[in-house]
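Comments concern the structure below.
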Ligand code: HEM
């Protein structure tokens, strides 16, 4: 049996009508059983691919409590539990120490890893940058970069690795909107460094899972540290030169870098060099791989469901590209529904974890101080209480009346509460522009005989092996 032929929840009532994308069979038993598994085996398994720890119960029952590595874990799935932890009682829950051990050394006080007052001040300083007015300036440069890169990234009649292609494109877009192309690096080298950096970020070191003291060297992170140092130094050079230009009153591009260098903290001060660097590293870490993974999974889904692809292409073909690019996100509702359905099935950032800072009660269940509270988006987005035919690729669920029945806490690819993704609007514009330019000009075909892509969870959900597709120029 090929790995993608999973027999979990077989349902002949819809399997003829909808495509059922590749997914592992969840563990039949609750995570409780992990406590009986040898601790080193479980650490090894978790650091290889945590998706294997997803249980059937987390997709069918409410708020599953279990233990992992000797600690209580509660996977919240009910709307009231999610609201309780992430909105109404958010101050009782902190960032998870394992996540912090992974992110903090690389991203320091960047928004995603900062906590307490440092986070509050940074979020207030950065929020004005992510307003519709500023973000609405970016789709035009996004479009220019995508059009320029297209022939090279999607060469006609060639077999490409779609994951690599979308990583390249998303980095091209991010680099243009961050620095207006002023950064002095070669694209392939930058991508290599980011890949090493993300690999180091995404794979928990066994010592991090054991919450070993910080002074113990994490051998798996050494290569990552060198790549981060190179990236930081490039960012510092371009940022110093831009700061001087601004001080001298020169005309400068209105990109993220200028916005960061001119935004004010609560005390009316500019961000320091270190703070600007941390935020840019964070935007790369949080914004590059996520969007490109979503586009990669979408291209897999479209390559399988030809009737959806035809509707998707018809809409993109009808798009009037003379209209400003910041309107496109509203002009292509079916393509955006496909994008959302892709993020439902393959959430780009699959885990949103917190730790209980005090004893608490969630939906009547006791949560001890120190317990891990987790939204596992893989489970939430396939939960039988929230979704009809959860395993089917059915973009129409995000259209019209059907979209209105999706609950506020059922679909959370960008998180929820005060730490919700600050880059959400940017990501949706970027997806709209890349989809419009790429799929107006190319069709990506499935290559018969290859295995369906297998989801691997790191910080993002990505195909374990490269997703190979054949490009046809349209
Ligand atoms: C499809 C694309 C994206 C997805 C699915 C995504 C997902 C997420 C999620 C789930 C969180 C919440 C994490 C938590 O609560 O622990 C988050 C936070 C964050 N994201 Fe995104 N993201 C995407 C794109 C972006 C982009 C393009 C940027 C920047 C340009 C960005 C910057 C951030 C930052 C800075 C945070 C931390 C916010 C805070 O803690 O205040 N993201 N993202």
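Any read-out appearing in this document is the output of simple, stated calculations on the displayed coordinates, not a laboratory observation. Just so we're clear, the structure is a prediction, and the values are computed from it rather than from any experiment. Note: ideal-geometry Cβ built from the backbone for every residue, glycine included; neighbour counts use all protein chains shown.
Return the whole-Å distance between the Cα centroid of the stretch 290-355 and the Cα centroid of the stretch 52-114.
With the stretch 290-355 and the stretch 52-114 each reduced to a Cα centre, they are spaced 27 Å.
Most exposed first by the Cβ proxy, i.e. fewest other Cβ within 10 Å, how do 16, 176 rank?
16, 176
Give me the Debye-computed log₁₀ of I(q)/I(0) at q = 0.07, 0.13 Å⁻¹ for the chain, equal point scatterers on Cα only, no solvent, two decimals.
-0.36, -1.35
Please arrange 231, 435 by how many other C-beta atoms lie within 10 Å of their C-beta, fewest to most.
In order of increasing Cβ crowding within 10 Å: 231, 435.
Given a Förster distance of 56 angstrom, what is the FRET efficiency for residue 323 paired with residue 225, based on the Cβ-Cβ distance and rounded to 0.05?
Given R0 = 56 Å and the Cβ-Cβ separation, E is 0.80.
If I model a spin label at residue 137 and residue 473 as a point 7 Å from the Cα along the Cα→Cβ vector, what separation in nanometres do I get?
3.5 nm
Take the alpha carbon atoms of the stretch 383-408, find their center, do the same for the stretch 160-201, and report the distance between the two centers in whole angstrom.
33 Å
Could you grab the relative contact order for the chain? Cα pairs under 8 Å, six or more apart, rounded to a whole percent.
So the answer I get is 26 percent.
Separation between the residue 311 and residue 272 pseudo-spin-labels, each 7 Å from Cα along Cα→Cβ, expressed in nm?
So the label points at residue 311 and residue 272 sit 5.4 nm apart.
In nm, give the distance between the simple-model label positions of residue 401 and residue 159, each being 7 Å from the Cα along the Cα-to-Cβ direction.
It is 4.6 nm.
Using a 10 Å cut-off around each Cβ, can you sort 360, 278 from fewest to most neighbouring Cβ atoms?
Ordered from fewest to most neighbouring Cβ atoms within 10 Å, 360, 278 come out as 360, 278.
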